[in-house]
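J.: Below are the structure tokens for one structure; questions will follow.
The values are calculated or read from the model by the stated rules, or taken from the named source; none is laboratory data. Remember, it's a predicted structure, so these values are computed and weren't measured experimentally. Every residue, glycine among them, receives a Cβ derived from its backbone with ideal geometry; neighbour counts consider all protein chains shown.
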Amino acid sequence: MDLITTNKSIICILGDYKDKLKSQLSNFEGGMQQFIIMLELDYKKKSHQGGGIFKLSWLHKLKTFPSVVIWIYDISEPEKLDKLLDNYNILKQTISLAKSFQPKIIIVLTGKNVGGFDFNYLKKEIDLRKVFAVEFENIGQQLKRIKKMIVDDSGTFYQELFNKYKSEASKLQKSELSDQKLIIEIKKTLISEIENNAKKANKHMQTSYEIVTQLAIKRKDYLNFTDDNSFYTSYELIQQAEEYREIADQLRFKLFRNLDIQDVIQHFEVHFRTFKNLIFHKLFEIQEYLWRVKIFVAIIKFIESKLMVTNYTIVYNYFQATLLSYIKLMQLNESFQDLQIQQFGFLISKQEPEYLGRPNYQIREKENEQPIDIKSDQKLFYFKHIINYRRNEINLAPNVQFIFDYWKQYNDNGQNQNNYANVYFKYLQIIITQNFELKSQIADQLIYYGLIDEYKNILQLEAQSSQLTKQIQIYSDILIYEQDKIQEIKKLAQQLNEQLDIVIPANTFISISKLESDEQSIQLKIDMNITQQILDMVETGVIISKNNQIEFIATNHTIVKTDKIIEKPVKVQLFGKYLDKLQIKIIAKDVELYSNKYKVGLLSTYKRDPPIITFKQDFAYINELNQIEVELSYQTELELLNFNQSNNSLLKFKENNNNTINSRLFTLQITDSIIHDRIIGFKIQGEEYFKKIKFIFPFTYFIKIKQLSSVFQNAQNRNRNTLSVFSKCAVQLEVQNIDLIETEFIPTVDLDFYNKNKLNVIFMTRDQATYTNFGQYRIKYSRNQMNYEAIVEVTNVNVISYLQNVEIISPPTSNAQQTFEIVIKLKTREPQNYFIQLKDQDKKQFFIMGKIKQMKFIEDEASFSYLLFPIEFGKCNLPGILIEIRQPNNPNQLVFDSSGMKSILILP
């Protein structure tokens with residue numbers, strides 16, 4: 001069930017002539033189009049397990065329970081007249097089961113000579129103003145009055161229901177965020193929709209969305225998992241986060257109804273960035289990508305429904321994001337499909353949800369199928385099994401085939417002229433539908449556009465579902481890009497009962513190093529990058545070489561005889577499947593070689609090629625003793641440049657304490673205390689060679705700069721480190737894969753900071769400024785039974801002002817029992833709607849005279865004055881000036897807050 005309601009009120013007609021009355025009302029003067037008319041009243045109370053946020057049973061009542069009940073009672077027979085009060089009380093008792101939903105009751109008494117009865121004896125039990133006494137044949141004369149009473153009573157019912165929740169909201173603290181506050185705002189939104197009050201509904205809907213967004217962000221801060229067990233034990237918090245995201249999704253899409261397409265796209269991008277990875281853990285990947293597929297499908301269909309003419313350029317990115325997320329789901333499903341979930345004497349089953357956005361999984365005894373009450377010390381065990389069972393939710397992914405239908409429609413309409421996009425979407429279609437017959441349409445184009453990994457993905461998928469001989473042929477095609485497939489081909493070939501010829505392209509294994517020349521000859525050297533495994537396979541006949549494709553197995557070089565003076569270019573052609581006519585031009589004595597792949601400098605005298613140097617890794621961790629293995633293609637003497645035995649910047653061989661070594665395999669020992677790229681140099685056979693080693697932290701970290709008072713501004717300025725002047729903000733450090741001991745934030749700017757020994761440091765901005773160096777976190781951590789210290793810099797923090805200047809003029813002192821004036825002078829950078837509020841943050845210290853809250857459109861400058869009467873003596877903080885930008889259809893944006901900035905001394 002979702003938050004979609006109707007703008008029609010619900011009424012119910014009960015009693016003897018309910019069908020006839022419904023027909024007459026529907027055909028009377030404009031009908032009853034503004035109502036949904038029911039003829040049965042069926043309410044069943046539902047029990048809830050608890051723990052959720054928004055009960056679906058309440059939403060069900062709102063959608064199905066009437067605001068007005070019209071009860072028709074025929075009193076023609078004396079016994080029915082005698083039972084009038086008894087039957088009325090039974091009706092009231094049925095209605096009372098709904099508790100807060102108490103509809104208005106209109107009674108229509110009918111029967112022969114009913115107008116002659118005196119009903120005053122009923123006035124203690126029944127409101128006689130709501131009673132119509134009329135023979136049913138003459139009821140047409142009363143329809144106008146009955147309809148007017150239905151309209152009035154229905155409006156009163158929904159208004160009273162709204163006021164009930166409005167009263168509950170007033171009892172909550174305005175500044176405190178809570179689930180109860182969110183629930184009340186959603187209820188007020190849905191009631192306003194049924195009242196057909198679009199302005200009021202939109203207002204409360206926007207408020208609901210802002211509350212749930214802040215609650216979700218707050219919940220995300222608690223969901224920091226150190227290991228799998230911490231994820232399982234946090235399952236109840238995870239369920240709450242899921243509920244927040246579902247509620248936010250539905251509210252966001254309801255708010256889209258009043259926006260144009262460009263605003264829809266802008267707000268959707270902010271919404272998606274806010275809620276993606278709300279629950280970030282490998283065990284929740286299925287739910288994360290399932291949510292992405294669902295929300296992308298929803299935005300595509302919403303945009304398409306708003307456009308008169310389909311336009312692929314608007315939704316292209318959403319098409320691609322949807323399909324890639326769906327493919328990720330397929331990969332996750334494949335990785336989990338072989339895992340069996342072991343259950344110990346219990347069953348897990350999915351039940352109808354009781355709360356919006358909260359999956360309802362029940363654990364029952366295996367023998368008697370009775371629900372199991374999970375105790376606190378059993379939660380880890382049962383939650384682990386529930387999360388494993390939730391892998392089945394992958395089947396809830398919506399069908400994405402319609403995207404390919406849309407894409408075909410765009411092409412048929414001639415909208416899409418982008419051939420690359422067509423090729424890429426055809427690739428996605430093959431991966432999702434696994435229709436490999438389409439491969440031949442795009443194979444060459446995938447290679448042409450450099451989509452090699454995509455082409456390999458298609459081959460890999462096709463091989464998994466192919467017969468043995470087809471698998472070998474497919475894997476031989478992948479050999480062009482991955483030589484590690486040789487072992488797989490060899491294993492499969494051992495199962496063959498027939499001779500199979502597989503062609504290997506020559507250019508896969510041929511590399512040209514250089515030309516060596518003297519006065520009599522020029523020697524073209526061709527290095528064969530052929531492993532022993534390939535040669536073994538050629539010899540055994542599993543792979544058959546063909547002269548026009550592998551012609552260099554017999555020799556490793558070709559010699560071209562020339563005269564001393566070369567007048568004409570000499571051409572040597574190499575053939576290959578994907579290396580058509582590799583052309584080499586020898587131009588003069590000292591020559592260079594050109595081809596469609598290589599440009600190689602040449603030597604005029606013979607000299608052995610220097611060895612190829614291979615590093616096992618090109619990174620190292622700061623502060624630690626790193627050991628990096630190095631391998632040469634052949635053994636020779638090597639000198640280590642920048643040799644250093646200092647503890648802080650060590651660079652030496654592990655095998656000896658000299659700066660030279662004569663070996664093919666050796667290990668470098670290297671340390672450093674700063675994050676940078678360090679250059680390692682070797683000198684081999686008189687030539688110098690250099691390698692860059694990147695020093696990195698042995699952990700992953702993220703730095704977030706947030707403005708605590710504005711969720712909207714945080715979403716807009718994410719990754720830009722942009723804050724407003726005079727605002728309460730926070731710098732947050734999130735560290736992963738680390739055994740943290742302690743942290744300390746050391747600021748390098750002159751601002752007020754709090755909680756410096758925590759990962760979340762609060763501070764207050766002042767004037768507009770750009771801080772290139774804002775501060776640094778000093779982190780102490782443990783790794784491999786050693787303690788280390790690292791510095792993480794916080795840089796490039798921008799404090800901007802939406803206002804050119806704000807000046808607060810107030811006296812330094814004042815006497816008790818005497819008013820004084822404060823003046824706020826405001827100058828804006830551009831014309832804007834501003835909401836100005838004077839707010840006493842601490843305990844009430846002043847009586848304030850003046851407009852405490854006001855909306856003002858300011859083109860250039862404006863002044864506001866207030867009279868303050870002090871209540872206490874001594875030094876008192878002046879009320880804070882809060883200034884917000886308010887625009888239609890946009891969340892409020894706080895741009896100035898002077899709370900706690902200015903004070904005054906009150907003298908006796």
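J.: When you scan region 114-133, how many residues do you find that are in a loop (DSSP other than H, G, I, E, B), in contact (Cβ under 8 Å) with a residue 12 or more places away in the chain and farther than 24 Å from L41 by Cα?
T.: 2
J.: Scan region 615-629 for residues that are assigned to a loop (DSSP other than H, G, I, E, B) and surrounded by fewer than 16 Cβ atoms within 10 Å (Cβ to Cβ) and jot them down.
T.: Within region 615-629, K616, Q617, D618, L625 qualify.
J.: I need every pair where a residue in region 660-689 that is within 13 Å of I628 (Cα to Cα) has its Cβ under 8 Å from the Cβ of a residue that is of a type in the set (S, T, Y), sequence separation at least 6 or different chains.
T.: T671/S649
J.: For region 860-869, check the following and say yes or no: at least one residue is part of a strand (DSSP E or B), of a type in the set (D, E) and either assigned by TED's automatic domain parsing to the domain that holds D897 or crowded, with 16+ Cβ neighbours inside 10 Å (or both).
T.: The answer is yes, given that some residue of region 860-869 is part of a strand (DSSP E or B), of a type in the set (D, E) and either assigned by TED's automatic domain parsing to the domain that holds D897 or crowded, with 16+ Cβ neighbours inside 10 Å (or both).
J.: Another question, if that's okay. Is it true that F846 is at pLDDT 80 or above and either exposed (fewer than 14 other Cβ atoms within 10 Å of the Cβ) or in contact with a His (Cβ under 8 Å, 6 or more places away or on another chain) (or both)?
T.: Against the criterion (at pLDDT 80 or above and either exposed (fewer than 14 other Cβ atoms within 10 Å of the Cβ) or in contact with a His (Cβ under 8 Å, 6 or more places away or on another chain) (or both)), F846 does not qualify.
J.: Identify, by number, the condition in (1) assigned by TED's automatic domain parsing to the domain that holds K99; (2) touching a helix residue (DSSP H, G or I) at 6+ places or on another chain (Cβ under 7 Å); (3) among the basic types (K, R); (4) over 17 Å from S9 (Cβ atoms) that K147 doesn't meet.
T.: (4)
Residue-by-condition table, conditions (1) part of a helix (DSSP H, G or I); (2) under 34 Å from the mean Cα position of the chain (by Cα); (3) at pLDDT below 90; (4) of a type in the set (D, E, K, R):
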| site | (1), (2), (3), (4) |
| --- | --- |
| I139 | yes, no, yes, no |
| A169 | yes, yes, yes, no |
| S175 | no, yes, yes, no |
| E185 | yes, yes, no, yes |
| T189 | yes, yes, no, no |
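J.: How about region 857-908: which of its residues are at pLDDT 80 or above and either under 30 Å from R257 (Cβ atoms) or of a type in the set (V, I, T) (or both)?
T.: Result: F857, I858, I871, I881, I883, E884, I885, I904, I906.
J.: Could you tell me which numbered condition K148 fails, if it satisfies all but one of (1) at pLDDT 85 or above; (2) buried (at least 17 other Cβ atoms within 10 Å of the Cβ)?
T.: So K148 meets the others, but not (2).
J.: Out of the residues in region 652-666 that are surrounded by 14 or more Cβ atoms within 10 Å (Cβ to Cβ) and among the polar types (S, T, N, Q), which is nearest to P698 (Cα to Cα)?
T.: Per the criteria, the residue is N659.
J.: Moving on. Just one of (1) of a type outside the set (F, W, Y); (2) surrounded by fewer than 12 Cβ atoms within 10 Å (Cβ to Cβ); (3) over 30 Å from N892 (Cβ atoms) trips up L740, so point out which.
T.: In the conditions (1) of a type outside the set (F, W, Y); (2) surrounded by fewer than 12 Cβ atoms within 10 Å (Cβ to Cβ); (3) over 30 Å from N892 (Cβ atoms), L740 misses (2) alone.
J.: In region 444-456, which residue that is part of a helix (DSSP H, G or I) and surrounded by 16 or more Cβ atoms within 10 Å (Cβ to Cβ) is nearest to the chain's Cα centre (by Cα)?
T.: Among residues in region 444-456 that are part of a helix (DSSP H, G or I) and surrounded by 16 or more Cβ atoms within 10 Å (Cβ to Cβ), the one nearest to the chain's Cα centre (by Cα) is E454.
J.: Go through (1) part of a helix (DSSP H, G or I); (2) of a type in the set (S, T, Y); (3) in contact with a Phe, Trp or Tyr (Cβ under 8 Å, 6 or more places away or on another chain) one by one and return the number of the condition S440 breaks.
T.: Answer for S440: the failing condition is (3).
J.: Find all pairs meeting these conditions: Cβ atoms under 6 angstrom apart; at least six residues apart or on different chains; first residue within region 617-629 and free of Cβ contacts under 8 Å to residues at least 60 places away in the same chain; second residue among the polar types (S, T, N, Q).
T.: L625/T671; Q627/T667; Q627/Q669; E629/T667
J.: If Y771 satisfies every condition in (1) over 28 Å from Q832 (Cβ atoms); (2) part of a strand (DSSP E or B) but one, which is the exception?
T.: (1)
J.: Can you find a residue that is polar (S, T, N, Q) and either loosely packed, with under 12 Cβ neighbours inside 10 Å or under 30 Å from K203 (Cα atoms) (or both) anywhere in region 871-883?
T.: Within region 871-883, not a single residue is polar (S, T, N, Q) and either loosely packed, with under 12 Cβ neighbours inside 10 Å or under 30 Å from K203 (Cα atoms) (or both).
J.: Quick test of your reading of the structure: M1 fulfils all but one of (1) modelled with pLDDT of 85 or more; (2) touching a helix residue (DSSP H, G or I) at 6+ places or on another chain (Cβ under 9 Å). Name the failing condition by number.
T.: Answer for M1: the failing condition is (1).
J.: Right, here's the next one. Before we move on, is N796 outside the structural domain of C876 (by TED's automatic domain parsing) and at positive phi?
T.: Here the answer is yes, as N796 does meet what is asked.
J.: Within 25 Å of K728 (Cα to Cα), of a type in the set (A, V, I, L, M, F, W, C), modelled with pLDDT of 85 or more and more than 36 Å from the chain's Cα centre (by Cα), is that true of I808?
T.: On the way: within 25 Å of K728 (Cα to Cα): yes; of a type in the set (A, V, I, L, M, F, W, C): yes; modelled with pLDDT of 85 or more: yes; more than 36 Å from the chain's Cα centre (by Cα): yes.
Against the criterion (within 25 Å of K728 (Cα to Cα), of a type in the set (A, V, I, L, M, F, W, C), modelled with pLDDT of 85 or more and more than 36 Å from the chain's Cα centre (by Cα)), I808 qualifies.
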